[in-house]
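Taken together, the values in this text are just the output of simple stated rules run on the coordinates, not laboratory data. Predicted model, so just to flag it, every value in this text is computed and none were measured. Note that we place each Cβ from the backbone using ideal geometry, even for glycine, and neighbour counts take in every protein chain shown.
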Amino acid sequence: MKLILFFNGWGVPKETFKFLDWDDFEVKIIDLDEKIDLEDLEKYEEIDVIAWSFGVYNASKQLGNLKKISLNKVIAINGGTRAIHRRDGISPMIFNRTLENLDINRYLEFMKNTGLDILEIKDDEVIKKYREILAEFGENYCEIPSIFKYSLISTKDRIFTSRSLVNYYKDTEYKLIEEEHYPFDRWNSWGEILDEF
């Protein structure tokens, strides 16, 4: 069996990605506040990793010390392990301001800046949960090594600038794509993402 582990970014429901065809893969979507069962991964003959935005940090944190499991393609999309960083990520000031001022309108504005303006959230409880997830991310954040061999970098990204990510991934194989922070509409399947490299 072949598995794709997709480490999702912050605040985007898993259902957002249901339009992507699974091809002949099993796909597991891991949100920022979820942990994966590493022992469960041992049953797969091939494991690819795709991570997006803050999910890049999450994937490196959770998969950085694998012993018995080898990974096939490991692709970062618009993110890095210096996720909260003045030069290579989101500036600490902007991160803290987002956390302090998060409400429904600011969340929707943030999502629009990612290129994903189709989300409709009207429930304050959802925003409260997203705020808690973001706060926990910030509290536990520290720079960690990257596990990524490949990176897709959007030239129109307003969250992680392409200049920052090109600098960050200068020693890694990367590809520039003319997309916004949320680039998934360019693909029809998870396999197409893997085929970028």
Point to revise | Under the Karplus curve 6.51 cos²θ - 1.76 cosθ + 1.60, θ = phi - 60°, whole-Hz ³J(HN,Hα) for region 112-120, x wherever Gly or Pro sits | key: 4, 5, 7, x, 10, 9, 9, 6, 10
Check your understanding: When the helix-only estimate is applied to the chain (DSSP H runs of n ≥ 4, each -39,500 (n - 2.57), divided by the residue count), what is the mean residue ellipticity at 222 nm, nearest 500 deg cm²/dmol?
Key -> -9000 deg cm²/dmol
Practice item. State, as an integer percentage, the relative contact order of the chain based on alpha-carbon contacts under 8 Å between residues 6 or more apart. Key: 24 percent
Revision key, fill the gap. Once Lys112 and Glu15 are pulled to full extension, the length gained, defined as 0.36 nm per residue separation minus their Cα-Cα distance, is 33.2 nm
Check your understanding: Relative to the longest principal axis of the chain, what angle (0 to 90°, nearest 10) does the C-alpha long axis of helix 54-63 take?
Key -> 40 degrees
Exercise for review: At 7 Å along the Cα-to-beta-carbon direction for both Ile144 and Arg158, put a label point, then send me their distance in nm to one decimal.
Suggested key: 3.0 nm
Practice item. Rounded to whole Hz and in sequence order, give me ³J(HN,Hα) for region 73-79 from the Karplus expression 6.51 cos²θ - 1.76 cosθ + 1.60, θ = phi - 60°, writing x for Gly and Pro. Key: 7, 10, 10, 9, 10, 6, x
Exercise for review: Once you have the Cα-Cα distance between Asp185 and Lys67, take 0.36 nm times their residue separation minus that, and quote the gain in nm to one decimal.
Suggested key: 39.0 nm
Exercise for review: Using a 10 angstrom cutoff on alpha carbons, build the Gaussian network for the chain and name the most mobile of Ser53, Ser70, Ser162.
Suggested key: Ser70
Practice item. Could you calculate the contour length gain from Arg87 to Lys175, that is, 0.36 nm times the residue separation minus the distance between their Cα atoms, to one decimal place in nm? Key: 29.7 nm
